[in-house]
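Here the structure is laid out as structure tokens; the discussion comes afterwards.
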Amino acid sequence: MSVNPLFDVQVRLSGGWRVCYLFVVLYLALIVGFATLTYRLNSGDPAPVSSAWLGIVSASQGFFLLLAGPASIRKAVLRDFQTGMIESHRLSPMSGYKVVLGYLTGPVVILVALYAASLLAGGYFVTRVALGLTAGQAIGAWWGGQVCLLTLALFFSTLVLLGAVASAGKANLVGVIIVISAFGGWAILPLVPGVALLGGVMSGNVLWSFFGGGAPNVGAANVAAYAILAQLVYSTIFIIATAQRVRAPERPLFSMPLAFVLLVVTGVVLIAGIALRAALTTGPLARSFADVGEWIQIFSGLLTFMVIASVMLTTAAQDRFQLDRSALLGDAAPAAARRLRSATPLLLTAMTLGVAFGMLRVMRPDGAQIAVELAKPLTLLSVVAALAMSFWVDFNWVYIGRASGKNLSRALLFSWGILKLAPFVADGLLTWLSSGLNSMAYSMGRGYFAPMSPFGTLIIALIGERTPWVGLIIQAAIAAFFTWAGRRARRGLGNFVRSTPHVAPAA
Amino acid sequence: MPETLLSIRNLTVQYGRFLAVDALSFDLAAGSLLGMIGPNGAGKTTTLRAAAGLLAPSGGTVHVMGYDVGRHATAVGNHLGFAPDSPAVYESLTVQEFLRFIGDAYGMPRRLVAERIDMWLEQLWLTDKRGARVSSLSRGMRQRLTVARTLIPDPHVILLDEPAAGLDPAGRMYFRKLLAGLRDQGKAIIVSSHILADLAEYCTHILIMERGRVRRFGTVAQVTDDAGHERCLYRVQLAEPIGDAAARIAHLSGLTRLALSGDRLDFEYLSDRRAAAQLLRGMLDAGLPVAAFHALAPNLEEAYLRTGIGQVD
């Protein structure tokens, strides 16, 4: 009996242990040969050998664990969906966790072996040969960097696995991240420090300072510890979600409790990102953080939080739909459970506000003025109303989409595109046209259509301008429409439930 | 072991606005072999997938050996085997490696896995393909491998979706015996198939579905004799061809659909045994050299057509 049959079979499908050993030997021969060649070319001077060799090793480690590894995992999942073997796993008594661990380890066994080989060889070089580096600090940083790399790889791999299992292997998150990065996606990092923290960029910035030649940013070393902790917590959440998904593919990606935990952790990470950004005093990221306005970072953080909140909102709407349908079909569906799902928009509103004030609190002294403005009764009321209505509209939109069998992520994207982002696009177009005609000044806060979007209301509150009540009234009208549409969809569920004569059980 | 191995109650599956299965309920006891019939889109595969736990039902419940399929998926995995219509296999493994993986996935001891692999490879004519890569197998062989994969864990409830598709005539014949053997071992089996003649031979129960609803359900005799049809087809083998054989017995009351083909005479008559004995006497009185006389097995195709579904795949 095997400990993890899926691990065994994935290793076999990747070529088996013999191929694994062969790759390790070839890889070691390659890097030792490279080191020897560099040493000879530099007339026996060990310093350039050390730095060049460690550079090559680090780059290959990053490639193995952050690119090739997740790509292999996704490929294995895709193959199992295409061949139908994922259903074979579902039929077997293997637990969802066993399947997840099999996917996380089996397809990457060769890459992990190569990483381990590089770690051993690299460790030897760092401790015995790397004379060009500042002895104590560099060695500690190198090993610290390995831990950061491993937790980042785990975080990234679990995320890719979750995406692959949820999309039948079609979602290529590795490719998406590469494309986003290539097209300037790095620009988001100064806007949302929490993402920089979670993505390991802050840690990288800190660790780099140890090798940079200047004064190391020792005071910010705990950034790496926070990043590692956050990545481990997220990885755990993703593993639980994937295990649940493997066993119950038609249920929401995250269960309600798990979605709630994900959201709480996201809130903490976003607040920690704002708090820790001040700890970065050196490196390119520190300069970028300083260049961004406070309210922009708060707004971007809240936007990120609201995107993640969609996960819980979608789950709540799907659960509500399932409970409503179960009730119609005569199955157990407590009314309290249904009402609780419908109250999710209010919970999310409270959580979003909590995160906003949490970020402002750690942003002192810069955030204090914004917090005072936001805490004014009318401003606060407008923000609460805008957030609650926004979540309520999304909740109903997802419910209606589920009732009519539509693609939920597409429905949600449509909701965000039309109701939240389109007003900004319309404003931009108007401004572009008007500036061409009479050079009319434009301000994001006083935009023409932007106040109709909940994001517009939020921006106006954050920059301390007067509440645009007309925009809020339009948002209320939209929310009222979706309340009506949601109820109509709920009533329409009964149309599909027909009764057929009960067939007597077989004798 | 509970007598009812599979229990389906008010099973309803909706795909958006489309109702694929509509409040389906039945029980399956040990030793039952249920044949599912229906046109494409009737909901057969959806029912099987929901029963296997691969599809979350919109409503209703499925219990296997008393375990709720939706809530105790891993426990159900130990008792249920499902063979989908398209074989799910790892192409680059050998037949033996693939089956060993399945045994491991079910937590079976290696020795038992080896014994079961030997047994099923032999029973499914795949012994000489033990070391062959799955990618080199023909469609029929893959189908048999999928059946082996399903049976290796020795499940109590077996669901087979179009298992005979892709099998040659000899394979089909052998497969019928295999299913009858499993039935006699006390398994509860559901077979979805369009080959109605085969189903009539080995099934104990028949379920005819259309648009997610049950049109007929019961034992084979109940389904074929449904709606007061107390008649069946008879076949008479004459010792030699008699040109006017049909005319000689045409006067016998109750005979319909009389057809003469060489030395073979087919007709429909009352299925009652006393009536059959009188009929035989009548034929002998008419001077027909009757060499063999027997009622044909219940005709499932006719029963299916009588439901008025029309489309026969």
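Things worth noting here:
- Condition met for B:ARG9 (of a type in the set (D, E, K, R), within 29 Å of A:GLY96 (Cα to Cα) and either crowded, with 24+ Cβ neighbours inside 10 Å or under 17 Å from the mean Cα position of the chain (by Cα) (or both)): no
- Pairs, first more than 14 Å from B:ALA20 (Cα to Cα) in the range B:209-220, second aromatic (Phe, Trp, Tyr) and buried (at least 19 other Cβ atoms within 10 Å of the Cβ), C-beta under 8 Å, six or more apart: B:PHE217/B:PHE26
- Residue in the range B:12-46 that is surrounded by the fewest Cβ atoms within 10 Å (Cβ to Cβ), counting only those that are more than 16 Å from B:GLY60 (Cβ to Cβ) and of a type in the set (A, V, I, L, M, F, W, C): B:PHE18
- Only one entry of A:ILE370, A:ILE308 meets the criterion of being part of a helix (DSSP H, G or I), within 16 Å of A:MET256 (Cα to Cα) and among the aliphatic types (A, V, I, L, M), and that entry is A:ILE308.
- All positions within the range B:279-297 that are touching a residue at least 60 places away in the same chain (Cβ under 8 Å) and either over 17 Å from B:THR256 (Cα atoms) or not in a strand (DSSP E or B) (or both): B:LEU296, B:ALA297
- Single residue of the range A:321-332 satisfying the filter (farther than 10 Å from A:ALA403 by Cβ and in a helix (DSSP H, G or I)) that is nearest to the other protein chains (Cβ to nearest Cβ): A:SER326
- Those residues of the range A:423-462 which are at pLDDT below 85, in contact with an Asp or Glu (Cβ under 9 Å, 6 or more places away or on another chain) and of a type outside the set (Gly, Ala, Ser), in sequence order: A:TYR442, A:MET444, A:ARG446, A:TYR448, A:PHE449, A:LEU462
- Scanning the range B:267-292 for residues being within 21 Å of B:GLU201 (Cβ to Cβ) and either exposed (fewer than 15 other Cβ atoms within 10 Å of the Cβ) or aromatic (Phe, Trp, Tyr) (or both) gives a total of 1.
- Any chance A:ALA286 is assigned by TED's automatic domain parsing to the domain that holds A:SER255, over 20 Å from the mean Cα position of the chain (by Cα) and in a helix (DSSP H, G or I): yes
- Of the criteria (1) surrounded by 18 or more Cβ atoms within 10 Å (Cβ to Cβ); (2) modelled with pLDDT of 90 or more; (3) farther than 27 Å from B:SER58 by Cβ, which one A:ILE298 fails: (2)
- When residues in the range B:59-78 are screened for being in a loop (DSSP other than H, G, I, E, B) and either within 11 Å of chain A (Cβ to nearest Cβ) or crowded, with 16+ Cβ neighbours inside 10 Å (or both), 6 of them pass.
Yes/no per residue for (1) modelled with pLDDT under 85; (2) away from chain A (no Cβ under 14 Å); (3) farther than 30 Å from B:PRO163 by Cα:
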residue: B:TYR202; (1), (2), (3): no, yes, no
residue: B:MET209; (1), (2), (3): no, no, no
residue: B:PHE217; (1), (2), (3): no, no, no
residue: B:THR224; (1), (2), (3): yes, yes, no
residue: B:ARG231; (1), (2), (3): yes, yes, yes
residue: B:LEU238; (1), (2), (3): no, yes, yes
residue: B:PRO298; (1), (2), (3): yes, yes, no
residue: B:ALA303; (1), (2), (3): yes, yes, no
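- Matching entry among A:ASP324, A:ASP331, A:ASP319 (being crowded, with 16+ Cβ neighbours inside 10 Å and free of Cβ contacts under 8 Å to residues at least 60 places away in the same chain): A:ASP331
- Within the range A:236-252, the set of residues being buried (at least 21 other Cβ atoms within 10 Å of the Cβ) and away from every other protein chain (no Cβ under 14 Å) comprises A:PHE238, A:ILE240, A:ALA241, A:THR242.
- Test: residue in the range B:135-151 that is β-branched (Val, Ile, Thr) and part of a loop (DSSP other than H, G, I, E, B): no
- Residue match in the range B:79-97 (condition: among the hydroxyl-bearing types (Ser, Thr, Tyr), crowded, with 21+ Cβ neighbours inside 10 Å, in contact (Cβ under 8 Å) with a residue 24 or more places away in the chain and not in a strand (DSSP E or B)): yes
- The numbered conditions (1) modelled with pLDDT under 90; (2) in contact with a Gly (Cβ under 9 Å, 6 or more places away or on another chain); (3) over 20 Å from B:ILE206 (Cα atoms); (4) surrounded by 16 or more Cβ atoms within 10 Å (Cβ to Cβ) are all true for B:TRP125 except (4).
- Complete set of residues in the range B:15-38 that are more than 30 Å from A:GLY401 (Cα to Cα) and over 15 Å from the mean Cα position of the chain (by Cα): B:PHE26, B:ASP27, B:ALA29, B:ALA30
- Test set (1) out of contact with any Gly (no Cβ under 7 Å at 6 or more places or on another chain); (2) over 22 Å from A:ALA168 (Cα atoms) - A:SER95 fails condition number: (2)
- Of the residues making up the range A:53-84, those that are within 17 Å of A:THR151 (Cβ to Cβ) and surrounded by fewer than 18 Cβ atoms within 10 Å (Cβ to Cβ) are A:SER58, A:GLY62, A:LEU67.
Residue-wise test of (1) farther than 30 Å from B:ALA52 by Cα; (2) over 30 Å from the mean Cα position of the chain (by Cα); (3) of a type in the set (Lys, Arg); (4) modelled with pLDDT under 95.
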residue	(1), (2), (3), (4)
A:GLY15	yes, yes, no, yes
A:THR38	yes, yes, no, yes
A:SER43	yes, yes, no, yes
A:ALA47	yes, yes, no, yes
A:GLY55	yes, no, no, yes
A:GLN82	no, no, no, yes
A:SER92	no, yes, no, yes
A:TYR103	no, no, no, no
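- Check on B:LEU48, closer than 29 Å to A:GLN244 by Cβ, in a strand (DSSP E or B), more than 7 Å from chain A (Cβ to nearest Cβ) and within 21 Å of the chain's Cα centre (by Cα): no
The values are calculated or read from the model by the stated rules, or taken from the named source; none is laboratory data. Bear in mind that the values here come from a model prediction, so they are computed numbers and not experimental data. Note that we place each Cβ from the backbone using ideal geometry, even for glycine, and neighbour counts take in every protein chain shown.
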